[in-house]
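Written out below as structure tokens is the structure these notes cover.
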Amino acid sequence: MNHPLRVVLLCTLMTMLQTGWSQSAEMSMDQLIDYALANSPEMLDAQLKVQDAEAQILQSKSTGLPQVSGSGTYQRYFEVPVVPLPAEFTGGEPQEVSFVLKNNLTAGVNLDAMIFDAAYFVALKAARAARTYAQLELVDRQRQVRQQVRDVYLPVLLLQSNLAQLDKNLANLEDLYEETQQIYEAGFAEQLDVDRLALSLANLRTERDALDRQYENALRALKFTINYPAGQALTIGDDMEAMLAEDNAEMLTMTVNYTRRPEINLLDQAIALSDYNIENFKTGYLPSLRGFAGYQYQYQGNDFKSGFWAPTGFVGLTLNVPIYDGGFKRSQIDRATITRQQVQVQRSTVQRLIDLEVENARATYLSSQERLKDREDNLALAQRIYDTTQVKYREGVGSSLEVNQAEQALYTSQTNRLQAIYDVLQAKVALEEALGEN
């Protein structure tokens, strides 16, 4: 094999190892949410409930359709029953006579059909309402999954941003250490200056290792939440700064739309189901009418050759008229009415809780933005102090202790700013959830 071909094959192999075979994926928060919605066991359970509600509708429909059944019976008398006949009928001695033959075979078809039953139509409407309720439960479950992913995702994003910032600080400190080492070797710095920077580097590397372990733990929790394969690599694709730049000012003034909250929609549907329940109990006062029909063909004989076939057919109606039940249906209606009132009270309470949640979320969001502004001002000041101490140190008018103190203050300000960004993003997510905008 010639050399260029070997190079091409090697490059192809490396590309396969880095892409398809590594099974690595980079996902944003929205992509992770979509993945969780498609793979979460909770979502599968909610979807199965919707399918079950669909099956219940078909089940309710089937009770109002004509029911046809077939039947077959074979009976063999090993001792034929007899009836005694008095002497008056025989003209002599009393005798025994049988009106049954040894073999009896009956085959038939029966039809039962509902003609009028008010409860059927109410039950059908209630089944459709139950399907809507299951669909709303699915929407609510989707909201819960989105919240769970966001709650686990944002800490991972914060730790990733802290790691990126720490790597930059490590690179800068390593450059400063190398520069100080050269100055020391030239005789213009003390060993103490080099040792202080070496200690700072060691501490920063230890901090990075600990932070990296926290990141891996948080990433494993995220994989578990979205039902992602634990052994497959996952990379976070969002940037805190970019997410912070998104404009969300309208959320602070927009009117609360309660119907955007699945809890309210579920309670509204529960009220509708209560109405159907009351209506269903009221139909118990109405009469119901059913029709039936049947056709049978019967064979009788002592053997299967000399017997005879006898056909039978019939039709009929069954009318059921409620007269008195001791107040049973009245108590059912009263209890169903009370249940409806309880749901209405619950809805009013949830609506008030939503108002409180929105107001608190808005206050927290504004407070987090103000705190972020303070942290950014502090970071800018710490950066200026750090830059000034470095200039003084290089010019020989400052000490390494001042540089070390300014460095620690800068790192603290950087961490505080990232934490403040995290708080803003968390408050923004909480406000979106309160408004039902997610």
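The values are calculated or read from the model by the stated rules, or taken from the named source; none is laboratory data. Keep in mind the model is a prediction, meaning the values are calculated, not measured. Neighbour counts run over all protein chains shown; Cβ positions are idealised from the backbone, glycine included. With ligands, DNA and RNA removed, areas are computed over all heavy atoms of the protein, side chains included. Shrake-Rupley method; radii C 1.70, N 1.55, O 1.52, S 1.80 Å.
Among the residues of segment 51-89, how many are more than 30 Å from residue 304 (Cα to Cα) and outside any strand (DSSP E or B)?
Start the filter on segment 51-89 by keeping residues that are more than 30 Å from residue 304 (Cα to Cα), which leaves 51-67, 86-89.
This time we only want the ones that are outside any strand (DSSP E or B), so: 51-66, 86-89.
Residues that pass the stated criteria total 20.
On the given criteria, is residue 290 within 37 Å of the chain's Cα centre (by Cα) and on the phi < 0 side of the Ramachandran plot?
Numbers: within 37 Å of the chain's Cα centre (by Cα): no; on the phi < 0 side of the Ramachandran plot: yes.
Against the criterion (within 37 Å of the chain's Cα centre (by Cα) and on the phi < 0 side of the Ramachandran plot), residue 290 does not qualify.
Let's see how each residue does on (1) assigned to a loop (DSSP other than H, G, I, E, B); (2) open to solvent by 60 Å² or more (accessible area, probe 1.4 Å); (3) in contact (Cβ under 8 Å) with a residue 24 or more places away in the chain:
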position: 230; (1), (2), (3): yes, yes, no
position: 256; (1), (2), (3): yes, no, yes
position: 267; (1), (2), (3): no, no, yes
position: 277; (1), (2), (3): no, yes, yes
position: 282; (1), (2), (3): no, yes, yes
position: 291; (1), (2), (3): no, no, yes
position: 303; (1), (2), (3): yes, yes, yes
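Pick out the one residue from 209, 239, 247 that is more than 23 Å from residue 141 (Cα to Cα) and surrounded by 14 or more Cβ atoms within 10 Å (Cβ to Cβ). Don't jump to the end; show me each part of the working.
Working: 209 fails: surrounded by 14 or more Cβ atoms within 10 Å (Cβ to Cβ); 247 fails: surrounded by 14 or more Cβ atoms within 10 Å (Cβ to Cβ).
Going through 209, 239, 247 in turn, just one is more than 23 Å from residue 141 (Cα to Cα) and surrounded by 14 or more Cβ atoms within 10 Å (Cβ to Cβ): 239.
Failed condition for residue 384, given (1) part of a helix (DSSP H, G or I); (2) surrounded by 14 or more Cβ atoms within 10 Å (Cβ to Cβ), with all others met?
Checking residue 384 against (1) part of a helix (DSSP H, G or I); (2) surrounded by 14 or more Cβ atoms within 10 Å (Cβ to Cβ), the one that fails is (2).
Just to be sure I understand, how many residues within segment 387-400 are modelled with pLDDT of 85 or more and either open to solvent by 40 Å² or more (accessible area, probe 1.4 Å) or farther than 17 Å from residue 179 by Cα (or both)?
The initial filter retains those residues of segment 387-400 that are modelled with pLDDT of 85 or more, namely 387-392.
Keeping just the survivors that are either open to solvent by 40 Å² or more (accessible area, probe 1.4 Å) or farther than 17 Å from residue 179 by Cα (or both) gives 387-388, 391-392.
Of the residues in segment 387-400, 4 are modelled with pLDDT of 85 or more and either open to solvent by 40 Å² or more (accessible area, probe 1.4 Å) or farther than 17 Å from residue 179 by Cα (or both).
What's the number of the condition residue 378 fails, among (1) open to solvent by 70 Å² or more (accessible area, probe 1.4 Å); (2) modelled with pLDDT of 95 or more; (3) over 25 Å from residue 241 (Cα atoms)?
(3)
Can you confirm whether residue 421 is part of a helix (DSSP H, G or I) and open to solvent by 60 Å² or more (accessible area, probe 1.4 Å)? Walk me through it before giving the result.
Numbers: part of a helix (DSSP H, G or I): yes; open to solvent by 60 Å² or more (accessible area, probe 1.4 Å): no.
Criteria not met by residue 421.
From the list 13, 48, 17, which one is part of a helix (DSSP H, G or I), surrounded by 11 or more Cβ atoms within 10 Å (Cβ to Cβ) and modelled with pLDDT under 85? Spell out how you get there, then give the answer.
Values: 48 fails: modelled with pLDDT under 85; 17 fails: surrounded by 11 or more Cβ atoms within 10 Å (Cβ to Cβ).
Among 13, 48, 17, only 13 is part of a helix (DSSP H, G or I), surrounded by 11 or more Cβ atoms within 10 Å (Cβ to Cβ) and modelled with pLDDT under 85.
Just checking, which of 101, 159, 105 is in contact with a Gly (Cβ under 6 Å, 6 or more places away or on another chain) and surrounded by 16 or more Cβ atoms within 10 Å (Cβ to Cβ)?
On the way: 159 fails: in contact with a Gly (Cβ under 6 Å, 6 or more places away or on another chain); 105 fails: in contact with a Gly (Cβ under 6 Å, 6 or more places away or on another chain).
Going through 101, 159, 105 in turn, the sole match is 101.
Let me confirm something: among 347, 362, 371, which residue is out of contact with any strand residue (DSSP E or B) (no Cβ under 9 Å at 6 or more places or on another chain), part of a helix (DSSP H, G or I), open to solvent by 80 Å² or more (accessible area, probe 1.4 Å) and of a type in the set (Lys, Arg)? Quick ask: steps written out before the conclusion?
Values: 347 fails: open to solvent by 80 Å² or more (accessible area, probe 1.4 Å); 362 fails: open to solvent by 80 Å² or more (accessible area, probe 1.4 Å).
Going through 347, 362, 371 in turn, just one is out of contact with any strand residue (DSSP E or B) (no Cβ under 9 Å at 6 or more places or on another chain), part of a helix (DSSP H, G or I), open to solvent by 80 Å² or more (accessible area, probe 1.4 Å) and of a type in the set (Lys, Arg): 371.
If only one of 323, 333 is touching a residue at least 12 places away in the same chain (Cβ under 8 Å) and either hydrophobic (A, V, I, L, M, F, W, C) or closer than 30 Å to residue 102 by Cα (or both), which one is it? Show your work before the answer.
Values: 323 fails: touching a residue at least 12 places away in the same chain (Cβ under 8 Å).
Just a single option satisfies the conditions, and that option is 333.
Taking interchain pairs and intrachain pairs at least six residues apart, which have beta carbon atoms under 6 angstrom, with the first residue in segment 117-129 and in contact (Cβ under 8 Å) with a residue 24 or more places away in the chain and the second among the acidic types (Asp, Glu) and crowded, with 17+ Cβ neighbours inside 10 Å?
Short answer, once both residue conditions are applied: 122/279.
Here's a check for you: in segment 79-93, which residue that is modelled with pLDDT under 80 and open to solvent by 90 Å² or more (accessible area, probe 1.4 Å) is nearest to residue 296 (Cα to Cα)?
84
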